[in-house]
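As structure tokens, the structure follows; a few thoughts come after it.
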Amino acid sequence: MVKALVDRDSCRGYGNCLIAAPSVFDVDDDGLVVLLKDDVSEDELSAVERATYDCPTNSITIESDEAAEK
Amino acid sequence: MSDPGVVIVGGGLAGARTAQALRSRGFAEPIRIVAGEDAWPYDRPPLSKEFLAGEVGEEDICLLSADACAELDIELMRGQRAASLDLDRRELLLADGVRVPFNQLVVATGAAPRTLPQLDGLGNVFTLRDVGDARALRDAFASKPRVLIVGGGFIGLEAACAAHARGCRVTVIEASAQPMSAVLGAKLGKTIGEWHESHGVRLLRERSVTHAETDGETLRVTLSDDATITADVVVLAVGVRAEVDWLSGTALHSEDGVPCDINGRTVVEGVFAAGDVARPRVHGRSVRLGHWTPANDMARRVAGVLSGAEDDERELDDYFWSDQFGARLQLVGSIDEDSELVVETGAIEDSSFVASCHVEGKPSAVFAMNRPRDFLRARLAMQAVTA
């Protein structure tokens, strides 16, 4: 399992993450990123990678489980 | 002879992202970026927004640092301008005479601001494209000058906001009936124009520059209605032209940008185009998309083709945003002046709404002002319909 991490301080609400991976990301009424789930399934991984790449403010990172447990 | 690998001409978003996406796909051949500017690749949207307003600095907008280049084994040749291209020998010629061989080439030289002959050679006249321009303008705003902005497109209007935020008195002149109308059409353009006027910007519509003179400090600019405007700083925001001069004499050359498919393929085998210089077909039109998201999307597609992935057949993502006087403006698709604009949520008079355009029963554009969440719902729905 891997986790998606979001940085709401740097997020500017452009919304490309939601377009790339709508099952993992949403935005609040201010347009800022909200994480819908902590764990990313294997099926969702490529979409989350796309969201990471598509974010203009580099506010999304992907963390593998081993790193998360440390 | 060593493998020349991929050469990317242009160190902006499209160039940097192509290189990064190639490496993340495990592409193992050499990657070399030839960048015209001395700066390490940086993100351009903040230049006319937070950077110009003095809220962020150069360290905050870096796209590809020296460390990242070293880690990814990307060679960045900074301050090197492409002069011409020899497709027979598959070599790029630089302005200083150096020849750079390539297996595959990515054209990502972007665009350069247009200027006006009436203002050529006059001091205190600025364009806004690269970080040097933005730095100079940001410094010029510090003394709270009277600012005249020529051109009411999104760069001109964002510059107006930044200047206003710095305490400058701002006049914008726009040649057509409404600002932003080339992108948003006249009706939404009117809404945006009134938004600026309500925040203290003086907006003169259907006016252009006929003459300008300076006493060395202050500019006197004569308009098409014979009015004269006195300004300490003039910002030229009258659009851009594709940086294609170095391609002249090749099959790639076209004044309007390099024609290509949605995966960046040009008419020349092994040569791709991405970013503001590219002219792909989108929604049936061959058009240059001068925005962040399509440049990023094309870079990803080009990297995919170069690393052997299947073509991405989805429509290019032409999403565009702008921030003006605290309002987030967002558009996807293109607004057709002849089709009806339907307000889906909110109200135009409240400066908070989502509106859409439909052609043949399908959404062709969604625009939002200050409705980021509703906009994303509509953008997702539109993507589902047009996919």
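Could you list all residues from region B:239-267 that are free of Cβ contacts under 8 Å to residues at least 60 places away in the same chain, within 13 Å of B:V107 (Cα to Cα) and acidic (D, E)?
The answer is B:D245, and nothing else.
Quick one: which strands (runs of 3 or more DSSP E) sit completely within chain A and have at least 3 residues that are within 9 Å of the chain's Cα centre (by Cα) and of a type in the set (A, V, I, L, M)?
Here the list reads A:2-6, A:33-35.
Does any residue of region B:40-61 turn out to be of a type in the set (S, T, N, Q), within 24 Å of the chain's Cα centre (by Cα) and part of a loop (DSSP other than H, G, I, E, B)?
Checked against the condition, which is being of a type in the set (S, T, N, Q), within 24 Å of the chain's Cα centre (by Cα) and part of a loop (DSSP other than H, G, I, E, B), region B:40-61 yields no hits at all.
Give B:V240, B:V235, B:V172 a once-over and let me know the one that is surrounded by fewer than 22 Cβ atoms within 10 Å (Cβ to Cβ), within 30 Å of B:G57 (Cα to Cα) and either modelled with pLDDT of 95 or more or of a type in the set (S, T, N, Q) (or both).
B:V240
If you scan region B:377-387, which residues turn out to be within 9 Å of chain A (Cβ to nearest Cβ) and under 19 Å from B:V183 (Cα atoms)?
If the condition is that a residue be within 9 Å of chain A (Cβ to nearest Cβ) and under 19 Å from B:V183 (Cα atoms), then B:R379 is the only one that fits.
Right, B:V183: within 18 Å of the chain's Cα centre (by Cα) and not assigned by TED's automatic domain parsing to the domain that holds B:V332 or not?
Taking the combined requirement at face value, the residue satisfies it.
Where in region B:327-379 are there strands (runs of 3 or more DSSP E), lying fully within it, with 3 or more residues that are more than 29 Å from B:A162 (Cα to Cα)?
B:341-347, B:352-359, B:362-369
Name the residue that is modelled with the lowest pLDDT, counting only residues in region B:267-287 that are surrounded by fewer than 20 Cβ atoms within 10 Å (Cβ to Cβ) and assigned to a loop (DSSP other than H, G, I, E, B).
B:H283
Being at pLDDT below 95 and away from chain B (no Cβ under 11 Å) is the requirement here; does A:D39 meet it?
Considered against the rule, which asks whether it is at pLDDT below 95 and away from chain B (no Cβ under 11 Å), A:D39 comes out as yes.
Looking at (1) away from chain A (no Cβ under 14 Å); (2) assigned to a helix (DSSP H, G or I); (3) of a type outside the set (S, T, Y), which is the one condition that is false for B:P294?
(1)
Please go through region B:3-25 and pick out each residue that is more than 13 Å from chain A (Cβ to nearest Cβ) and farther than 16 Å from B:M77 by Cα.
Listed by number, the list holds a single entry, B:D3.
The values are calculated or read from the model by the stated rules, or taken from the named source; none is laboratory data. No experiment lies behind these values; they were computed from the predicted model shown. Glycine gets a Cβ as well: all are built from the backbone with ideal geometry, and neighbour counts include every protein chain shown.
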